[in-house]
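Colleague: Okay, here's the structure, questions in a sec.
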Amino acid sequence: MTSQSNTPSPQPDPTAPDGGWMEVEDFDELDTILDDLRTRHDETPQWEFCEGFMAAVICSRRPIAANEYLSVLLATPAEGEAADEEGGSFANPAQQARFMALWTQRWKEVETALDTKVESLEDDACYHPEVMDVRGAVADMPPEEQATFKSEELPAFAQVWALGFMFAVESWPEDWAAPRDKDAAMWLDDALQAIVAMTEDDTAAPQVSPLNDEGKPSTSLARLNAFGDAIWAVYDLRELWKTMGPKVETVRNTAEPGRNDLCPCGSGKKYKKCHSAG
């Protein structure tokens, strides 16, 4: 098994030159790298899961370093750790660097979209998750090819994206804890519930093809509307945590011992003749 370099994973740099919008070929390259990682760690997720995970990390209340979140997402070793034989690893430093270049480019796109005021999901500047319509793709296959998927449970539209988002939320529960302000807590809960709804299956009759106007119906209209709600929910979460800022830890002052009390250092002397004397 090839070990990963223990150099720190680069943090997305908002000041880096704009590399342009991601193209289909770029996402295909990401898929290829993830496929290769999967040969060493079979639980390496698909890109759609990574896409949802990325959005959640960007929205998180606390800025999370790439070295920290990638070890959670890809099971790759964190900085200073040796590669785990049961974990993930890049084939070599060049592959890792290429993955991070593409990851950073997509990160900047998502972050820019979520920080842009939009009035409609049809706006070109709106956040558009890179999701797949697996059921639609299978429905458009010839019957003989469809038969190979007959026994498989195909994910609903955007279900994998939502699962990736919630995986990040559940991985850092303290950063997603409800704030004390009741209105803010309700805002958080409503937004998260909209995304949780997308982690569920779409059991209603298919009525539309979400990604292809000419494709066979694969998704219910209710599911498509719920997806729109989930996108607005991501905007709400980004705004909520940006407004509130990182969580401030409460500093608790312990009571100082009396001058005639035993010193808490365990010396057996009175506090006034021990640490208080200094």
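The values are calculated or read from the model by the stated rules, or taken from the named source; none is laboratory data. Because the structure is a prediction, the values reported are computed rather than measured. Neighbour counts are summed over all protein chains in view; Cβ atoms, including those assigned to glycine, are modelled from backbone coordinates with ideal geometry.
Colleague: Does Ala197 satisfy being at pLDDT 95 or above, in a loop (DSSP other than H, G, I, E, B), out of contact with any Phe, Trp or Tyr (no Cβ under 9 Å at 6 or more places or on another chain) and hydrophobic (A, V, I, L, M, F, W, C)?
Modeller: No; evaluated as a whole, the condition is false for this residue.
Colleague: Could you tell me which numbered condition Arg180 fails, if it satisfies all but one of (1) buried (at least 20 other Cβ atoms within 10 Å of the Cβ); (2) in a loop (DSSP other than H, G, I, E, B)?
Modeller: Arg180 satisfies all of (1) buried (at least 20 other Cβ atoms within 10 Å of the Cβ); (2) in a loop (DSSP other than H, G, I, E, B) except (1).
Colleague: Scan the range 147-165 for residues that are in a helix (DSSP H, G or I) and either at pLDDT 95 or above or at positive phi (or both) and jot them down.
Modeller: Answer for the range 147-165, where residues must be in a helix (DSSP H, G or I) and either at pLDDT 95 or above or at positive phi (or both): Gln159, Val160, Trp161, Ala162, Leu163, Gly164, Phe165.
Colleague: If you don't mind, there's one more thing I want to ask. For Ala137, which of the numbered conditions (1) in a helix (DSSP H, G or I); (2) out of contact with any Ser or Thr (no Cβ under 9 Å at 6 or more places or on another chain); (3) not basic (Lys, Arg) fails to hold?
Modeller: Ala137 satisfies all of (1) in a helix (DSSP H, G or I); (2) out of contact with any Ser or Thr (no Cβ under 9 Å at 6 or more places or on another chain); (3) not basic (Lys, Arg) except (2).
Colleague: Could you check, for the range 90-108, whether at least one of its residues is at pLDDT below 90 and either part of a loop (DSSP other than H, G, I, E, B) or in contact with a Pro (Cβ under 8 Å, 6 or more places away or on another chain) (or both)?
Modeller: Within the range 90-108, not a single residue is at pLDDT below 90 and either part of a loop (DSSP other than H, G, I, E, B) or in contact with a Pro (Cβ under 8 Å, 6 or more places away or on another chain) (or both).
Colleague: If you scan the range 52-69, which residues turn out to be modelled with pLDDT under 95 and assigned to a helix (DSSP H, G or I)?
Modeller: Ala66, Asn67, Glu68
Colleague: Here is a follow-up. Restricting the first residue to the range 8-33 and requiring it to be within 21 Å of Glu130 (Cα to Cα) and among the β-branched types (Val, Ile, Thr), which pairs with a second residue that is assigned to a helix (DSSP H, G or I) and at pLDDT below 95 meet a Cβ separation below 7 Å and a spacing of at least six or different chains?
Modeller: Pairs that qualify, where the first residue is within 21 Å of Glu130 (Cα to Cα) and among the β-branched types (Val, Ile, Thr) and the partner is assigned to a helix (DSSP H, G or I) and at pLDDT below 95: there are none.
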